[in-house]
Amino acid sequence: SASLAQQALPAYVQQVAARLGETPQIVPELQTYLFVTKRFSAALANIHQYFFIYANDFVGYNEMRDYATACTDWALHNYSGVPRGLQKGVAIYPVMLQHPMNPGAIQFVKEKPKAKFAAFTLPVVVDPVERQMQFMDSTPVWGFAMWGGVKKAASEALA
């Protein structure tokens, strides 16, 4: 039978859809839900946001890393618009629903991501049953002005 996180996935996706005012897409090759939005940050850059949502209680450190990498690669490969860096940026949110949250997955999302040019990946673990969320606590020095907005957008859309 489906896990509690998998059972909660459709309702959670609808909740995020309502918050973002967007309709979810399905990315067949990743088997995830995807929302793509645009917002203007405090730094006046136009941010393309990619929210990938998947549920799997058994994802640990390595699987969360692989999922985040796959989502990032997909978003950067499928991004269209003005070249990144010209007042444009990409924020990628690989979201994993779990109940209970896997300690390895939490360990991964707490690490600082690798720097990418005008692209920010913020992996997130959400427990839809306990209504809790984990992601990086610190704010990297590089892209400091943008990271605050990236984290705030995650809290507003995903909590």
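The table that follows gives values for the structure above.
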item: Least to most buried among Ser138, Ser3 (fewest other Cβ within 10 Å first); result: Ser138, Ser3
item: Distance from region 14-33 to region 102-132 (C-alpha centre basis), Å; result: 18 Å
item: Footprinting exposure proxy for Arg19, Arg65, Arg131 (fewest neighbouring C-beta atoms within 10 Å first); result: Arg131, Arg19, Arg65
item: Rounded to whole Hz, the Karplus (6.51, -1.76, 1.60) HN-Hα couplings of region 4-13, x for glycine and proline; result: 4, 5, 5, 5, 7, 4, x, 5, 5, 4
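Only the coordinates and a few stated rules stand behind these numbers; no lab work does. If you're wondering where the values come from, they're calculated on a predicted model, not measured in any experiment. Here Cβ is always computed from backbone atoms with ideal geometry, including for glycine, and neighbour counts include all displayed protein chains.
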